[in-house]
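Here the structure comes first, spelled out in structure tokens, and everything after it is commentary.
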Amino acid sequence: MNKKEPGNKPKKGKKVETGSQVTKEEEEEKEDREEELKKQLQAREKEAAENFDRLLRTQAEFENYKKRMEKERADTIKFCNENLIRDMLPIVDNLEMALKHGENSSPNNSKPLVEGVEMVLNQLMKSLEKFGVTSFSSVGEKFDPNRHEAMMQVESDEHEANSVVSEFQKGYFLKDRLLRPAKVTVTASRVKSTTENGNMANEDKTTTS
């Protein structure tokens, strides 16, 4: 009977860990790296969104700037003669006053002069109208500070308060822009007038007593 040699006897060894097995520390380290990458990705996404929003705002501001510059350029062309036309309005005023004075005068020899002034005035107004100049009436209208300049206040029982009752100087528009406000006389507020009269009466009583 053959004896088993001692070298052939199987030995009990320790269990060997393979490369596929990961320790707990390595797993935690991997999770930490993944979490850090997620945070970095979120930060990059937030930064990209902020940059995109900033780009949209910049584009909107640029478009508004372009529109504003185009409007300013259009207004410059549209109202390039504004100062010149405004300086011509006193000439219109003088011609109108001369025409009114001539019409009120009785001598017949002034008729040719009146007709000449009227012709010049009409030609001048037609020229101004070609540039968009128009006058506006004020008498009988409510006082509007946007196009009226009050020169005087009067009491009136025939008109509502803050109504224009007379006109010192005619107002004009240049297209859709006020070229010159009308200088007018406005009726005083009845409440204000009554209060002033009451105060004056009280002062008289005090003085008398």
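The values are calculated or read from the model by the stated rules, or taken from the named source; none is laboratory data. This structure is a prediction, so every number in the text was calculated from the model and none was measured. All Cβ positions, even for glycine, are placed from backbone atoms using ideal geometry, and neighbour counts span all protein chains on display.
Based on what the data block shows, is LYS39 of a type outside the set (Gly, Ala, Ser), farther than 30 Å from LEU128 by Cβ and at pLDDT 80 or above?
On the way: of a type outside the set (Gly, Ala, Ser): yes; farther than 30 Å from LEU128 by Cβ: yes; at pLDDT 80 or above: yes.
Yes, satisfied.
Condition first: surrounded by 17 or more Cβ atoms within 10 Å (Cβ to Cβ) and not in a strand (DSSP E or B). Now tell me which residues in the range 177-188 satisfy that.
If the condition is that a residue be surrounded by 17 or more Cβ atoms within 10 Å (Cβ to Cβ) and not in a strand (DSSP E or B), then PRO181 is the only one that fits.
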